[in-house]
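Novice: Handing you this structure, nothing more for now.
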Amino acid sequence: MIRKFFLVLTLLFSVTVFSQEIQENNTDSLYFKGLELYKNQDFKSSLAYTNKGLELAPEYHDIRILRVRNYWALDMIQNATSDLEYLLTEAEDYPGVRELVLKQTKLLKDPETALNFLGKIEQSGSLNTNTRILKAQLLLENKQKSESREIALELFNDPELDERDRYLLQNILKRTISNEIGVNYQYIHFSDSYNREAWQTISPEFQHYFNRTAVIARVNYNDRGSRDGTLYELEAYPVFSDRVYSFLNVGISDGSLYPDLRTSASIFVNFLRKFEFEAGGRLLHFSEQDYFSAIAGLTMYQGKFYLNTRIFMGPEINDQYTQNYQLNVRYYLNNTDNFLMLRLGTGISPDESTIFTQVQENPGLEAYYSNLGINFTIGPRHIIQTGIGYLFEDITSEKEGDQVIGNIGYRFRF
């Protein structure tokens, strides 16, 4: 620390002495000479010319901007703060000023220092969207989750928001939650063609965020009238960066209804701002038989729409490959927790753990599925999701059946 202090002191002294030796009084000449020195990476000399120029013409914004860049090049980040405050007060709309403020905030690596800088900036004027998103990220890093979430929710409601910014805000909103506890109930009614009692499933779960990774523990109890079974699941969503995250799941049961073991893994990669690619697989183990499904998916974030297509290929049962094709659509009403959802599909995916056992019985027969639902919040802590679905499938090669699937869920955040 002492060594760094003397280094800065020596630098300031040499710059002051050098600026006193500059005889030029034409501010344009001072600017262009300083710019030439900056391009030649002679930052100390360039800084002296900008100091001289601002002594003569404090309102010369291009010279002040050049001085800011010299401060950055000389690792004198804090020194640039007063110049940026001046520019925002006197020339908020001058070309490049907002970009300089954004970069200065990023260079102030300590979240608390950066937030203090933005606080001073806000006293002289409002922050633009990009800077407010950065502020929300800094608040999150500084463990101020409620303040971060408040900014993110407000920005997310902007219909003109860029898709990349919307994606960043979604990640912020996910990370501002610490714990959730919830329960989901599903009811499946079968048509007379099945000669089967209704199926009911109840699934309590607990979710906790370890930094950026969400971990979920879930119990699924399925009652089919004559039989019942329980599946225990542990699920995680590790986040590696703002563009890459993954999905991991492992579940075990006694094998009566659910698979003895199910494992799942997917990787998600964001690209070109508004697209997200998924690749992964599912492995189900029943008794002595393994079933594997490969997965590919593509998501596009377009305005308030989430558009997703997914393909499940496999498993191979009785020398036949089962296939599932899905279209998933969400329309966000005002934030990531309030949306309408639609799913259309053909075939049954291994992610439909309750009804996937039907695939084992009829691997080559056709099925068509649709679901419509809504997810909404009541206050900041309560989330309700409800939906209704319809499944049409071949029971045998000569008989068809219908299923009506209803579900309702509740989650509490704390």
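Novice: Keeping all protein chains in the complex and leaving out DNA, RNA and ligands, what accessible area do you get for residue 340 with a 1.4 Å probe, in Å² to the nearest 10?
Specialist: Probe radius 1.4 Å; accessible area of residue 340 about 80 Å².
Novice: Would you please state which residues of region 135-174 a label at residue 106 would reach in this model, taking the label point 7 Å out along Cα→Cβ and a backbone N cut-off of under 14 Å?
Specialist: Only 135, 137-138, 165 pass the distance filter.
Novice: Compute the long axis of helix 27-39 from its Cα atoms, compare it with the longest principal axis of the Cα atoms of the chain, and write down the angle in degrees, 0 to 90, nearest 10.
Specialist: 50
Novice: Specify whether the C-alpha gyration tensor of region 118-163 places it in the rounded, prolate or oblate class, a ≥ b ≥ c being the square roots of the eigenvalues: rounded for a/c under 1.5, otherwise prolate if a/b is larger than b/c and oblate if not.
Specialist: In terms of gyration-tensor shape, oblate.
Novice: Also, quick follow-up: If I compute volume of the Cα convex hull per residue in Å³ from the structure I just sent, which labelled value in (i) 169; (ii) 127; (iii) 144 lines up?
Specialist: Step by step, volume of the Cα convex hull per residue in Å³ for this structure corresponds to label (i).
Novice: For residue 180, tell me the accessible area in Å² from a 1.4 Å probe, rounded to the nearest 10.
Specialist: 10
Novice: Mind checking the angle between helix 129-141 and the chain's longest principal axis? C-alpha axes, 0 to 90 degrees, to the nearest 10.
Specialist: Tilt relative to the chain: about 70 degrees.
Novice: Moving on to the next point. Where does each of 183, 244 land when they are ordered by accessible area, with a 1.4 Å probe and the largest first? It would help to have the intermediate numbers written out before the result.
Specialist: On the way: 183 60, 244 40 Å².
Ranking 183, 244 by accessible area, largest first, yields 183, 244.
Novice: Over the heavy atoms of residue 267, what accessible area does a 1.4 Å probe trace out, to the nearest 10 Å²?
Specialist: Probe radius 1.4 Å; accessible area of residue 267 about 70 Å².
Novice: Now, a different point. Which of the residue pairs 143/274; 174/274; 120/143; 106/145 have a Cα-Cα distance greater than 22 Å in the structure shown?
Specialist: Too far apart for the 22 Å limit: 143/274.
Novice: If you take the Cα Rg of region 179-413 and divide it by 2.2 N^0.38 Å, with N the number of residues, what do you get? Don't jump to the answer; show the numbers that get you there.
Specialist: Numbers: Rg = 17.8 Å, N = 235, 2.2 N^0.38 = 17.5 Å.
Ratio of Cα Rg to 2.2 N^0.38 Å: 1.02.
Novice: Additional query: Please work out the Kirkwood hydrodynamic radius for region 27-172, using every pair of different C-alpha atoms, and report it in angstroms with one decimal place.
Specialist: 16.3
Novice: For residue 241 and residue 346, what is the calculated FRET efficiency with R₀ set at 25 Å and r taken between the beta-carbons, to the nearest 0.05? Let's see the in-between values first.
Specialist: Numbers: r = 34 Å, r/R0 = 1.38.
Working from the Cβ atoms, E equals 0.15.
Novice: Under a 1.4 angstrom probe, counting protein chains only, how are 223, 254 ranked by accessible area, largest first?
Specialist: The ordering from most to least exposed comes out as 254, 223.
Novice: Express the relative contact order of region 364-414 as a whole percentage, based on alpha carbon pairs under 8 Å and six or more residues apart in sequence. Present the calculation step by step, with values, prior to reporting the outcome.
Specialist: Details: 95 pairs, mean separation 18.6, N = 51.
For region 364-414, the relative contact order is 36 percent.
Novice: What accessible area per residue, rounded to a whole number of Å², is obtained for region 244-321 using a probe radius of 1.4 Å? Could the numbers behind the result be given before it?
Specialist: Details: 3790 Å² over 78 residues.
For region 244-321, the per-residue accessible area is 49 Å².
Novice: Something else: Once you keep just the Cα pairs under 8 angstrom separated by 6 or more residues, what percentage relative contact order results for the chain?
Specialist: Once divided by the residue count of the chain, the mean separation gives 9 percent.
Novice: Round to a whole angstrom and tell me the spacing of the C-alpha centers of region 223-267 and region 304-321.
Specialist: 17
Novice: So what are the ³J(HN,Hα) numbers for region 372-381, from phi and the Karplus equation (6.51, -1.76, 1.60; θ = phi - 60°), rounded to whole Hz, Gly and Pro as x?
Specialist: Here the 3J(HN,Hα) series is 10, x, 9, 10, 8, 10, 10, x, x, 10 Hz.
Novice: Then there's this: Can you return the lysines within cross-link range of residue 52? Criterion is Cα-Cα under 24 Å, with same-chain partners fewer than 8 residues away left out.
Specialist: Partners found: 33, 39, 44.
The values are calculated or read from the model by the stated rules, or taken from the named source; none is laboratory data. Keep in mind that this is a model prediction, so the values were computed, not measured. Note that each Cβ is placed from the backbone with ideal geometry, even for glycine, and that neighbours are counted across all protein chains shown. The area values use the complete protein model at the heavy-atom level, side chains included, leaving out ligands, DNA and RNA. Shrake-Rupley method; radii C 1.70, N 1.55, O 1.52, S 1.80 Å.
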